[in-house]
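A short write-up of the structure that comes next.
The values are calculated or read from the model by the stated rules, or taken from the named source; none is laboratory data. Predicted model only: the values in this text are computed from it and were never measured. Here Cβ is always computed from backbone atoms with ideal geometry, including for glycine, and neighbour counts include all displayed protein chains. In case anyone asks, the SASA skips ligands and DNA or RNA and just uses the protein heavy atoms, side chains included. Shrake-Rupley method; radii C 1.70, N 1.55, O 1.52, S 1.80 Å.
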Amino acid sequence: MPILNKNVKKISPARTLVLGFLIIILVGTLLLFLPFASADGTSADFSECLFTATSATCVTGITVADTYSSWSLFGQIVIALLIQIGGLGFVSIITFFNIAAGKKLGFRTLANAADGLTENSFVGGRSIFVSIIKYSLIIELVGAVILGFAFVPKYGAYGVWVSIFMSISAFCNAGFDLMGQADGVSSLIGFSNQPLVLITIALLITIGGLGFVVWENFLNIRKVRKLSLHTRAVLLMTAILVVGGTIFYLASEWSNPATIGDMDFGQKLLNAFFSSVSNRSAGFSSIDVAEMTSFSQLGTMLLMMIGVAPASTGGGIKVTTLLVLVMTVVSYIKNKNDVEIFRHKIDKLTVYRTLVITTLTMSAVMVCFTVIYCFTSFDALQCLFESVAACSTAGLSLGVSSAAGFGGKAVIMLFMFCGRIGPVSLIMSLTLNSSKRKNLVVPDGQIFIG
């Protein structure tokens, strides 16, 4: 038996992550393919089931069929469970697989499989899993209760399920909705004048987007007595992006009658704020994105690309990645040898990782854009918008996914998966172990740039 154990190859955290997501997507697809998962009682198209399961597990929110009218209650429950599992992401999947195998898993190992995660404050995999599940369910329950005051009077008993579904989808930054029943209007366009709904969902999106590391810091604030560098960086960047995004949408859409042009100032501010929060990762819409000006759509792409915080329920390159990029430029201009944030030196490995994540994400967007543009009849802006939404798992759409053929849908599914896993983790899962080269000494070289 000992000899057999020595010959067993260990699966890396990155490969465990990829395998876990693939298994969940496959199971979700098969469940949605069942006849009673469809609203009409017949098996839905398999590609539609696969796309929906991928989008839900990757908490993207891009859909090819309306969630309310296309799926039965069973199908909607399956989608909600996929969103929940996908929202908790790497922590739930890797911890589950290791607990099932009877292994202990530290937070540092999890960090190797999650882009941008650097802190080592949780004690072990099991405690991470329990804490995240517990507080996620509490937050979602509170959100569902508040949303119930708006949805139950409107939809009756079914409004209870609508509140639960929307709370899960918002907290997990998924963008799926059951609003197709409201006069045929999808997403939250029919609730653009209801602060209770928009503010509650915006808060759920924000809390989910702050990340589990930030949660842990706040939960242990009495013990540590200070906010960590990571927490301060996340809070600063989140505040800047929310305020900046709100001002951007107010300015760019102020006179557009198809979005907020005909609203009073209070409604304009509410919808601009909601768009600023949701468009970075969640993908809910209180105003029609397709009716926005081209300038607003370009700005939306930038917000989607940035995303939310590391180790969160959302996507994008992450707000801390942007901060490190900006401070790297600032440090170089000031002729500093090291990158500094809040008077703390950022190690060079983090800077390298930041550059790698950004480069790989932009490369993924360009590849996705090129393929979609070459094989569909949509214009460049629509294809680029859909590509950014897929790679950043933001979920907004200009209709490319629903109208594209199977090849186009397959490309979008692939890049949604890549966006949720993270480009670094995906490549790590595909490459061979290079540990033998870590201590290899090579001669210095010089190359001119700029």
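Quick look at the numbers
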quantity	calculated
Cβ-defined net charge surrounding Ile146, 15 Å radius [Lys, Arg +1; Asp, Glu -1]	0
With all protein chains modelled, accessible area of Glu253 [1.4 Å, Å²]	0 Å²
The stretch 20-84 - convex hull of the alpha-carbon atoms, volume per residue in Å³	64 Å³
List Glu386, Glu291, Glu216, ordered by accessible area with a 1.4 Å probe, largest first	Glu291, Glu216, Glu386
Hydrodynamic radius by Kirkwood, which averages 1/r over all alpha carbon pairs of the stretch 139-277, in angstrom	16.4 Å
Accessible area of Tyr352 in the full protein assembly, 1.4 Å probe (Å², nearest 10)	130 Å²
Rg and Dmax of the stretch 291-373, Cα atoms only, in Å	15.1, 47
Largest to smallest accessible area among Asp262, Asp347 [probe 1.4 Å]	Asp262, Asp347
Across Lys154/Lys268; Lys226/Lys268; Lys223/Lys334; Lys134/Lys409; Lys226/Lys334, pairs whose alpha-carbon gap is larger than 27 Å	Lys226/Lys268; Lys223/Lys334; Lys134/Lys409; Lys226/Lys334
Gain on full stretching of the segment that runs from Asp444 to Trp254 - 0.36 nm per residue minus C-alpha separation	62.8 nm
For the stretch 389-395, Karplus couplings with θ = phi - 60° (6.51, -1.76, 1.60), whole Hz, Gly/Pro x	4, 5, 5, 9, 6, 7, x
Reference-scaled alpha-carbon Rg (2.2 N^0.38 Å with N residues) for the stretch 192-248	1.34
Solvent exposure, largest accessible area first (probe 1.4 Å, DNA, RNA and ligands not counted), of His230, His344	His344, His230
Simple spin-label estimate for Asp347 and Val142 in nanometres, 7 Å along Cα-Cβ	3.4 nm
Where only alpha carbons of the stretch 246-340 are counted, the Rg and the Dmax (Å)	16.2, 52
Karplus (6.51, -1.76, 1.60) ³J(HN,Hα), θ = phi - 60°, over the stretch 400-412, in Hz, Gly and Pro reported as x	5, 4, 5, 9, 6, x, 4, x, x, 4, 4, 5, 5
Kirkwood Rh and Cα Rg combined as Rg/Rh, the stretch 230-288	1.04
Built amide H within the under 5 Å cut-off of Val339, gap 5+	Ile346
Accessible-area value, Trp254, 1.4 Å probe, nucleic acids and ligands omitted, Å²	110 Å²
Under-5 Å amide H pairs with Trp71, H placed in peptide plane, nonlocal only	Ala39
